[in-house]
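Novice: Once you've had a glance at the structure underneath, I'll fire off some questions.
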Amino acid sequence: MPKESRAFLGAIALFLACALWVFFGAPLSANEWRGIPSQFQMGFSLLPLRLTRVLKLFHSQEKTPALITLYDAAENRLVSLPMEEYLIGAIAMEMPASYHMEALKAQAVASRTRLGMGCPNHTEAMACSDPAHCQGYLNPAGQAAKWGSEYGMYRARIEKAVRETADQIITYNGKPITVLFHAVSGGHTEDAREVFGEDVPYLRGVESSGEEGTSRFETTQTFTLQSIVALLNAAFPNAHLSAEWLPLQILPLTYSDSDRVTSLTLGDITVSGRELRQALDLNSTCFSIQFTDSSATFTQKGYGHGVGMSQAGANAMAAKGADYEAILRHYYQGTELSDWNESTFLGETENEVPAKEETDDIQAAHEKMAGRGSRL
Ligand SMILES: [Zn+2]
């Protein structure tokens with residue numbers, strides 16, 4: 001064999017070896033080398049999935065996946081990834097993967113719609129991965145760590161939910177909606193007006209039955225009188241609270257239709273239920289307080305702000321036979337499903353434009369809520 005052909009074959013072999021190296025997720029950069037064990041394990045566990053994808057490439061006319069830019073809050077950098085992969089990571093973070101398939105599908109459509117809201121703090125990206133701000137995102141390594149030996153099964157379930165709702169988003173009057181959701185409502189979801197001060201027709205409270213068995217349906221949180229007074233005086237210096245008088249100084253004033261505390265007297269001032277929840281890191285504003293000589297116990301219903309879809313409620317509806325469309329119609333009343341490609345996010349649509357005043361209200365609410373964690 002002539003020297004040139006041998007060199008040529010050698011070059012091809014080297015190229016193939018490099019391609020395989022990268023394909024199997026083997027490390028390239030210094031950072032990746034540092035994470036060798038997890039990277040290799042990950043590559044190994046992803047092997048069947050990747051081989052399936054390669055086979056699919058040869059056997060179907062799949063369109064090239066749309067790429068999105070994500071601001072990775074943990075690593076403080078921008079990453080580019082297929083939209084489908086982002087959605088899988090978002091659902092992995094936001095909803096238990098063991099939930100019913102129709103609940104996972106409802107979450108997939110909600111997360112896809114949420115993605116279109118953009119991130120006001122990171123305009124260079126389509127979303128950020130901070131759950132307190134946009135919606136969370138768990139990368140494949142994180143999914144592998146979270147699910148362990150169940151990785152393959154859970155991953156396949158979420159992939160199915162994303163695939164079978166491909167391109168679907170929730171719209172109201174032809175416009176993508178402001179998506180909010182929460183873990184457990186406690187039996188009734190909340191009006192957006194009560195939490196964000198803006199009335200949004202599709203974010204009004206609805207009944208959410210069947211959540212009773214969920215772990216955070218009803219929880220208690222106990223503080224010593226000294227610790228709660230210290231926390232509250234730090235958060236609200238003008239309240240002037242004392243441990244001795246606290247049972248008379250902290251009094252709920254108003255409740256929403258869903259029994260959540262909307263305002264309360266706190267010593268010398270009045271605060272909102274939401275402000276109190278933040279200061280004490282409570283699960284929900286649906287609470288009652290019991291005092292002893294030395295402690296205050298909050299008995300709470302639900303987990304999260306309570307607006308939009310209750311994930312536990314979605315799971316309960318699915319268990320009773322509702323499909324994801326029925327779940328979304330229940331929690332986002334008056335909405336419909338539309339194709340992502342035919343709807344312009346945050347802009348005008350070709351569909352019928354609703355009355356200007358209504359559009360402005362919804363847009364104002366959208367802007368106010370875009371910077372809020374969808375779930376927290
Ligand atoms: Zn964000």
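Novice: Check whether at least one residue in segment 70-85 is surrounded by 13 or more Cβ atoms within 10 Å (Cβ to Cβ), away from the ligand (no atom under 16 Å from the Cβ) and in a loop (DSSP other than H, G, I, E, B), and report yes or no.
Specialist: There is no residue in segment 70-85 that is surrounded by 13 or more Cβ atoms within 10 Å (Cβ to Cβ), away from the ligand (no atom under 16 Å from the Cβ) and in a loop (DSSP other than H, G, I, E, B).
Novice: Then there's this: Just one of the numbered conditions (1) free of Cβ contacts under 8 Å to residues at least 12 places away in the same chain; (2) within 24 Å of the chain's Cα centre (by Cα) is not true of Thr219; which one?
Specialist: Evaluating Thr219 over (1) free of Cβ contacts under 8 Å to residues at least 12 places away in the same chain; (2) within 24 Å of the chain's Cα centre (by Cα) leaves (1) as the failure.
Novice: To continue, here is another question. Looking only at residues that are polar (S, T, N, Q) and in contact with a Leu (Cβ under 7 Å, 6 or more places away or on another chain) in segment 198-249, which one is nearest to Ala312 (Cα to Cα)?
Specialist: Gln221
Novice: Can you pull out every residue in segment 86-101 that is in a helix (DSSP H, G or I) and buried (at least 21 other Cβ atoms within 10 Å of the Cβ)?
Specialist: Tyr86, Leu87, Ile88, Gly89, Ala90, Ile91, Ala92, Glu94
Novice: Condition (residue is under 23 Å from His100 (Cβ atoms) and crowded, with 21+ Cβ neighbours inside 10 Å) applied to segment 116-133: is it met by at least one residue?
Specialist: no
Novice: I'm trying to understand the selection: among the residues of segment 91-107, which are touching a strand residue (DSSP E or B) at 6+ places or on another chain (Cβ under 8 Å) and modelled with pLDDT of 95 or more?
Specialist: Matches in segment 91-107: Ala106, Gln107.
Novice: If only one of Tyr137, Tyr172, Tyr154 is of a type in the set (Ser, Thr, Tyr) and within 16 Å of the ligand (Cβ to nearest atom), which one is it?
Specialist: Tyr137
Novice: Might you let me know whether segment 275-283 holds any residue that is under 21 Å from Leu225 (Cα atoms), of a type in the set (A, V, I, L, M), in contact (Cβ under 8 Å) with a residue 40 or more places away in the chain and in a loop (DSSP other than H, G, I, E, B)?
Specialist: yes
Novice: Of the residues Ala234, Ala230, Ala326, which single one is out of contact with any His (no Cβ under 7 Å at 6 or more places or on another chain), under 21 Å from Arg204 (Cα atoms), at pLDDT 95 or above and not in a loop (DSSP other than H, G, I, E, B)?
Specialist: None of the others qualify; the one that does is Ala326.
Novice: With the structure loaded, tell me whether Arg216 is in a helix (DSSP H, G or I), at pLDDT below 95 and not small (Gly, Ala, Ser) or whether it fails that test.
Specialist: Spelling it out, it is not the case that Arg216 is in a helix (DSSP H, G or I), at pLDDT below 95 and not small (Gly, Ala, Ser).
Novice: Let me ask something else. Being of a type outside the set (A, V, I, L, M) and part of a loop (DSSP other than H, G, I, E, B) is the filter; apply it to segment 167-182 and report the residue that is surrounded by the most Cβ atoms within 10 Å (Cβ to Cβ).
Specialist: The selected residue is Thr178.
Novice: Looking at segment 134-164, which of its residues are hydrophobic (A, V, I, L, M, F, W, C) and surrounded by 17 or more Cβ atoms within 10 Å (Cβ to Cβ)?
Specialist: Once the filter is applied, which keeps residues that are hydrophobic (A, V, I, L, M, F, W, C) and surrounded by 17 or more Cβ atoms within 10 Å (Cβ to Cβ), segment 134-164 yields Cys134, Leu138, Ala144, Trp147, Ile158, Ala161, Val162.
The values are calculated or read from the model by the stated rules, or taken from the named source; none is laboratory data. As the structure is a prediction and not an experimental result, all values here were calculated from the model. A quick note on method: Cβ atoms are made from the backbone with ideal geometry, for glycine too, and the neighbour counts reach across all protein chains shown.
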